[in-house]
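Read through the structure below, which is laid out as structure tokens, and then see the notes.
The values are calculated or read from the model by the stated rules, or taken from the named source; none is laboratory data. Since the structure is predicted, the reported quantities are computational estimates derived from the model, not experimental observations. Virtual Cβ from ideal backbone geometry, glycine too; neighbours counted across all protein chains shown.
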Amino acid sequence: MAKQESTELTEAQLAVHWKEEGYYHPSAKFIAQANMTDTDILERFGEKNFPECYKEYADLLTWFVGGKLNACYNCVDRHLPKNRNKTAIHFVPEPEGEPIQHITYQELWVRVNEFAALLREFCGLKRGDRVTLHLPMTAELPITMLACARLGVIHSQVFSGFSGQACGERIADSQSRVLITADSYYRAGKLLDHKKSADIAVETAKAEKAPPERVLVWQRHPGKYSAQTPLVQGRDFVVNDLLPKYRGHRIEPEHMLATDPLFLMYTSGSTGRPKACQHSTGGYLSYVTGTSKYIQDIHPEDVYWCMADIGWITGHSYIVYGPLALAASSVVYEGVPTHPDAGRSWRIAEELGVNIFHTSPTAIRALRRAGEDIPKKYNYHFKHMTTVGEPIEPEVWRWYYNVVGKGEAVIVDTWWQTENGGFLCSTVPALSPMKPGSAGPGLPGIYPVIFDDDGKELSAGAGKAGNVCIRNPWPGLMQTIWGDPDRMTRQYFQRYCKDKDSKDWRDWPYFAGDGAVLAQDGYFRILGRIDDVINVAGHRLGTKELESAALTVPEVAEAAVVPVPDEIKGRVPELYVSLKPGVKASPELSAKIAMAIAEHIGPIAKPNHVWIVPDMPKTRSGKIMRRILTALSTKSDTGDITTLANPEVVEIIRSTVQAGG
Ligand code: PRX
């Protein structure tokens, strides 16, 4: 792979140089009730006990005879004897006038069984088949996932905010037999027509010669079809119309091998198209259950609210599988956390008695901006809070701690990735102090290390950034990249492997693609991506994907995306384009290019600026120097530009950017 000098360490260079922060300690009250207070865990999960230590996590699950298991059985059936009447899912609709649905474990079991019967009998789905879900945040999403898991069908949920086209590409890549979607959902006060995306998705998959056989549509308001886009006869079926036929049906959970895939989750990497991380049933479920218990400190009596979308890995692991495996009550909120006003989240927390809260720095920044003191007006009490997805600035961390957590809640800053299944770095909340801005040490059983470019290990306290890697594998690590196993080795294990023929895991450190610094006390501070990926609001977008979307606009000759810091979202993409000869720049054209990106990928990817420039700064070999564009966007030093093929263009671009386009 070509060395990506043009973007290397961009994020690290942009990173604020924080001073070393002081510790915050968990309260005695928190420690008294915590699931993990035994420092022996570090010994038990020591490297010499690897990998046997992970049996402790596997023992949290119920296994069938012969080492088989079923994820749905573990998240639903096994809780019935003790917790039948306990709420499994609190579904909170965005419109505040619509009542919250409290779905008990018994009701969840009934609904999952009936839907599993429909999938099996109406769609003929069986173990090993793939289905793509493009579902918004309603209770039907976990119900659909669990029904698939019950049958051994591999689900691939695509974030509902992604476009129909992005969904269609994923249908084709996973060769999904069925698309499961919804007619509509509420977002920021509007009922969106979501069925429209399904039509585009099917067309896209068809163009790739892999159309789904059927489209199943859940109704947002059961009994009433509320999308403008009509159903396609013979292809689209309304789930709510079909379900009565399966009333009372019960489906025996499939006995799956621990290594059978449970789901696919697409993410962006440094090359080309998004890739599907294939997660296993046994290892994945053990890991998310263990980490939900010890890092999230979930007890069955807790009300747990993770504000992420289930369309991302965080939602799979820490809204659905982990919390439900522990018989907790998990909140699923449909809409925008600040809708209709900045008090909404805290009203939900107050009404439901939420005591564990989990969100991203982006959401924390947005809530803070919407109202510094608003949380104080509400009578909720968190014992535990999580941050995930991007680095959190110490200032923002302190607002989270003092204002949202009212100084009562511990915080865990959990660093991990779609590929990882569950947390990699975090403090164990009752065992070690918190340090604002630092994720903390590796989890029990995880051995992170920082290598410099030459593969030399950087020692704790060295004060230098390097590439963070994990020395050992762990149960939550994805099994492979769907349909491209070599890419798994290339992208994650080749970088620091010293002996390509070795069968010993010690020779194959996992390369995460993040820059990080290791402090003297063993805490890791993650700086961000080192590859061609932009982390927007805690989610990875491939720069190449954005650039190729821009190139679908016929007027565009070249496109380059760079990340720029944003007060709320952490980073946002900015786009530079040059036009084909004879084409004139105009605000309409800029808007058209931005729209093309939103259509291809989704509104989350829309650049905040499209700069039309006469030419890109290039090396003599013709490579676009994104580093220089980043410097221009962030108004920082461009460094030495004399080696460029066209240094004169830098000043022209600078004046465009300074003039605001
Ligand atoms: O750069 C890191 C950042 O998010 C990337 C993973 O993104 P994704 O696969 O979408 O998963 C997001 C949720 C697990 C990482 O490579 N990241 C994630 N958590 C943190 C973080 N950066 C700093 N601190 C974190 N706690």
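Below are the figures for this structure:
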| read-out | value |
| --- | --- |
| Residue within region 414-425 that is over 18 Å from the mean Cα position of the chain (by Cα), closer than 28 Å to Met265 by Cα and within 13 Å of the ligand (Cβ to nearest atom) present | no |
| In region 377-396, the residues that are of a type in the set (A, V, I, L, M, F, W, C), in contact with a strand residue (DSSP E or B) (Cβ under 7 Å, 6 or more places away or on another chain) and either within 15 Å of the ligand (Cβ to nearest atom) or on the phi > 0 side of the Ramachandran plot (or both) | Met385, Val388, Ile392 |
| Any chance Phe511 is farther than 30 Å from Glu169 by Cα, touching a residue at least 12 places away in the same chain (Cβ under 8 Å) and either in contact with an Asp or Glu (Cβ under 7 Å, 6 or more places away or on another chain) or within 16 Å of the ligand (Cβ to nearest atom) (or both) | no |
| Residues satisfying the stated conditions in region 442-482, i.e. in contact with a Phe, Trp or Tyr (Cβ under 7 Å, 6 or more places away or on another chain), surrounded by fewer than 18 Cβ atoms within 10 Å (Cβ to Cβ) and at positive phi | Gly455 |
| Filter result for Ala205 (out of contact with any His (no Cβ under 8 Å at 6 or more places or on another chain) and hydrophobic (A, V, I, L, M, F, W, C)) | yes |
| Residue list for region 539-575, restricted to those being within 16 Å of the ligand (Cβ to nearest atom) and among the small types (Gly, Ala, Ser) | Gly542, Gly570 |
| Output for region 201-219, where each listed residue is crowded, with 17+ Cβ neighbours inside 10 Å, closer than 12 Å to Gly164 by Cα and free of Cβ contacts under 8 Å to residues at least 60 places away in the same chain | Val202, Thr204, Ala205 |
| Residues of region 505-552 classified as buried (at least 21 other Cβ atoms within 10 Å of the Cβ) and among the polar types (S, T, N, Q), total | 2 |
| Tabulated pairs, region 25-44, first assigned to a loop (DSSP other than H, G, I, E, B), second among the acidic types (Asp, Glu), C-beta under 7 angstrom, 6+ apart or interchain | Ser27/Glu408; Ala34/Asp297; Asn35/Asp297 |
| Matching option when the condition is surrounded by fewer than 17 Cβ atoms within 10 Å (Cβ to Cβ) and in a strand (DSSP E or B), among Pro614, Pro565 | Pro565 |
| Some residue of region 366-376 being touching a strand residue (DSSP E or B) at 6+ places or on another chain (Cβ under 9 Å) and more than 24 Å from Ala34 (Cα to Cα) | yes |
| Residue that is farthest from His221 (Cα to Cα), among those in region 125-155 that are surrounded by fewer than 24 Cβ atoms within 10 Å (Cβ to Cβ) and of a type in the set (Gly, Ala, Ser) | Gly128 |
| Looking only at region 485-494, and only at residues there that are within 16 Å of the ligand (Cβ to nearest atom) and in contact (Cβ under 8 Å) with a residue 40 or more places away in the chain, the one that is surrounded by the fewest Cβ atoms within 10 Å (Cβ to Cβ) | Arg487 |
| Whichever residue in region 324-360 is within 16 Å of the ligand (Cβ to nearest atom) and not in a loop (DSSP other than H, G, I, E, B) and, among such residues, is surrounded by the fewest Cβ atoms within 10 Å (Cβ to Cβ) | Thr359 |
| Residue pairs meeting the criteria (Cβ under 7 Å; at least 6 apart or on separate chains; first closer than 14 Å to Asp260 by Cβ and modelled with pLDDT of 95 or more, in region 50-69; second in a loop (DSSP other than H, G, I, E, B) and among the β-branched types (Val, Ile, Thr)) | Leu69/Thr281 |
| Contacts under 7 angstrom Cβ, first residue in region 405-419 being more than 30 Å from Asp531 (Cα to Cα), partner more than 15 Å from the ligand (Cβ to nearest atom) and assigned to a strand (DSSP E or B), 6 or more apart | Ala409/His384; Val410/His384 |
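For (1) over 34 Å from the mean Cα position of the chain (by Cα); (2) among the hydroxyl-bearing types (Ser, Thr, Tyr); (3) farther than 17 Å from Val561 by Cα; (4) not in a helix (DSSP H, G or I), each residue gets a yes or a no:
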site	(1), (2), (3), (4)
Ser621	yes, yes, yes, yes
Arg627	no, no, no, no
Ile652	yes, no, yes, no
Val657	no, no, no, no
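To keep it simple, each residue is scored yes or no on (1) within 26 Å of Pro391 (Cα to Cα); (2) assigned to a helix (DSSP H, G or I); (3) among the charged types (D, E, K, R).
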site: Tyr492; (1), (2), (3): yes, yes, no
site: Lys500; (1), (2), (3): no, no, yes
site: Lys503; (1), (2), (3): no, no, yes
site: Arg506; (1), (2), (3): no, yes, yes
site: Phe511; (1), (2), (3): yes, no, no
site: Val517; (1), (2), (3): yes, no, no
site: Asp521; (1), (2), (3): yes, no, yes
site: Ile526; (1), (2), (3): yes, no, no
site: Ile534; (1), (2), (3): yes, no, no
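Results for (1) within 16 Å of the ligand (Cβ to nearest atom); (2) assigned to a loop (DSSP other than H, G, I, E, B); (3) not β-branched (Val, Ile, Thr), shown as yes or no for each residue.
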residue	(1), (2), (3)
Pro230	no, yes, yes
Asp241	no, no, yes
Pro253	no, yes, yes
Leu264	yes, no, yes
Gly269	yes, yes, yes
His279	yes, no, yes
Tyr287	yes, no, yes
Gly290	no, no, yes
His299	no, yes, yes
